[in-house]
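The values are calculated or read from the model by the stated rules, or taken from the named source; none is laboratory data. Computed from a predicted model, the values in this text were never measured in an experiment. No Cβ is skipped: glycine too gets one built from the backbone with ideal geometry, and neighbour counts run over all protein chains shown. Note: accessible area is taken over every heavy atom of the protein model, side chains too, but ligands, DNA and RNA are not part of it. Shrake-Rupley method; radii C 1.70, N 1.55, O 1.52, S 1.80 Å.
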Amino acid sequence: MTIKSINPADNTIIGEVEVTSEKEIEQIVKKAQSAKTSWKETSIDDRVAYLKKAKKIFQEHDAEIARLIS
């Protein structure tokens, strides 16, 4: 089953997303909780390095990201 995303200005379908089951959501939450624990145990220097890398990736793709979220 999918949910349609509709542009309210002209009622055109922008895209569709799959409905996530309750079981899938539970698995996603468990993974997020595990990631939180792992991040909490990561040193501040490593956290800074990861965030700088993420910043660089975002900057390299800023035009594409802007297009996708507009």
Per the filter on segment 18-69, residues open to solvent by less than 100 Å² (accessible area, probe 1.4 Å), acidic (Asp, Glu) and either touching a Phe, Trp or Tyr at 6+ places or on another chain (Cβ under 6 Å) or closer than 29 Å to Asn7 by Cβ (or both) are Glu24, Asp62, Glu64
I need every pair where a residue in segment 1-19 that is without any contact (Cβ under 8 Å) to a residue 12 or more places away in the chain and within 18 Å of Leu68 (Cα to Cα) has its Cβ under 8 Å from the Cβ of a residue that is part of a loop (DSSP other than H, G, I, E, B) and open to solvent by less than 100 Å² (accessible area, probe 1.4 Å), sequence separation at least 6 or different chains. Ile6/Thr12; Ile13/Asn7; Ile14/Asn7
May I ask you to list pairs of residues, at least six apart or on different chains, whose Cβ atoms are under 9 Å apart, with the first in segment 49-70 being modelled with pLDDT under 95 and the second being part of a helix (DSSP H, G or I)? Ile65/Phe58
Residues located in segment 47-70, provided they are of a type outside the set (A, V, I, L, M) and assigned to a helix (DSSP H, G or I): Arg47, Tyr50, Lys52, Lys53, Lys55, Lys56, Phe58, Gln59, Glu60, Asp62, Glu64, Arg67
